[in-house]
Amino acid sequence: MLQRAGPFLAGLLTGLLAAGLVWLMIAEPRGLPITLEPPPAEAPLHVHVTGAVLHPGVYTLSPGSIVQDALDAAGGALPGAVVEAVNLAAPVQPGEQIFVPQPQTPRPTPLVAPSSQSAAGVVNVNTAPAPELDLLPGIGPALAQNIIDYREAHGPFASPEDLLDVPGIGPAKLEQIRDLITLR
């Protein structure tokens, strides 16, 4: 009986295999095709390079650039420039002003937008951009960005003491800037 069942089972197995192959070939694909899209391109950085450089001006740099790249874009430092006063490895921030000093020259104070600085010279911490916040004593670019990030996440500051919630601002720093800020 096994001799008669062997060819029958082999034929049955071959028939099922052939039917499966035919079904795979004519079956409609299911689901949607996967589409791969490139990641969004980062916006270029615009920086103002000034001071003791060959060609001061506004330059467009690629994302991830450092201060050295900005200095190279401006043609390099002039002889006698105090390049050591500039952190050449620092990442460039959009809208940043990079100043390369000469010996005995003070850093110029950037012009401030009138919308966030009153006639009395105080800075509105609820509307000021990072370069203007950076003008406050003890507030550098990183802390200015912390202030902006905090107000974007939590809304406008209601009192000067709300600045104590910003990472990097303590009671001493708040007292240092209290008379130079406004919330209007």
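Here are the numbers for the structure shown:
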quantity	calculated
Dipole magnitude of segment 123-182 about its Cα centre (Cβ charges: Lys, Arg +1; Asp, Glu -1), debye to nearest 20	60
Spatial separation of Cα centroids for segment 22-100 and segment 148-170, in angstrom	29
Additional length obtainable on full extension of the chain from Arg184 to Glu161, 0.36 nm per residue less Cα span	6.8 nm
Burial order of peptide ranges 5-18, 78-91, 48-61 (average beta-carbon count within 10 Å, highest first)	48-61, 78-91, 5-18
Neighbourhood charge, 15 Å Cβ-Cβ cut-off, centred on Leu71 and excluding it, Lys, Arg +1 and Asp, Glu -1	-4
Helix axis angle, 2-26 relative to the chain longest principal axis, alpha carbon, degrees	40
On Cα atoms only, tilt of 141-154 relative to the major axis of the chain in degrees	60
Ranked list, fewest to most other Cβ atoms within 10 Å of each Cβ, for Ile66, Ile34	Ile34, Ile66
Long-range amide H partners of Val82 with built H, under 5 Å	Gln102
Surrounding net charge for Ser62, when Lys and Arg each add one and Asp and Glu each subtract one, Cβ distance under 11 Å	-2
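The numbers here are math on the coordinates, done by the rules we state, and not lab data. Owing to the predicted nature of the structure, the values given are computational and were not obtained by experimental measurement. Counting neighbours? That spans all protein chains shown, and the Cβs are built from the backbone with ideal geometry, glycine included.
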